[in-house]
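Here the structure is laid out as structure tokens; the discussion comes afterwards.
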Amino acid sequence: MGNKEKGANAERELYQMFVDNNFRAVRVAGSGTMENADCDLLAGNKSSKYCIEAKSSKKPVKYITKDQVNRFVTFSQIFSLKPVIAVRFNRLGWFFLNPKDMKDSGKNWVINLETCMKKGKKFSQFFGEKIKKENSLLQTDIALKDEELHELLNEDYKNGEI
């Protein structure tokens, strides 16, 4: 399996994590290969919107060019999205970081396992509070919609339309 295929598989896995946690998400077509496709995923819910750059590595370190990170952060700013670096180290799972937590190596930005263990968070830690808040808002919306539907049905019934 080539690097491109491994990266695409990692993006699909990450996409599914968002979907499984009640986020809406899309993979960005051409990410990493096309101009103006400066992130891998867009994900969000009613309260938060994210621009995600996904990386995976079997080594305890991952390098990202400064140009790629600059384009990624600029892209997220243009759309008012919160930039998130998602890194998966084999057998250790995903870590989520703010781009500011990466180390400067001069030519590249570096994400290493040590930084991820100290500053990175797992999915539920990074997005967990947001998930709980969103689920609460969603339940309130459902209750309101049920109540509105009930009122409309009662009104239609009273008017003889049902």
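For segment 3-123, taking Cα atoms only, Rg and Dmax work out to 13.3, 39 Å respectively.
You can think of it this way: the chain between E114 and N90 has 7.2 nm of extra reach, that is 0.36 nm per residue less the Cα-Cα gap. The calculated FRET efficiency for the pair N70 and D20, based on their C-beta separation and a Förster distance of 25 Å, comes to about 0.20.
With the alpha-carbon atoms of segment 46-88 aligned to their principal axes, the span from lowest to highest coordinate is 35, 24, 8 Å, starting with the largest. Applying the Kirkwood pairwise sum to the alpha-carbon positions of segment 76-118 produces a hydrodynamic radius of 11.5 angstrom.
FYI, it's all coordinate maths here, none of it is from the lab. In this text, all values refer to a predicted model and were calculated from it rather than measured experimentally. Cβ sites come from the backbone with ideal geometry, for glycine too, and all protein chains shown count toward neighbours.
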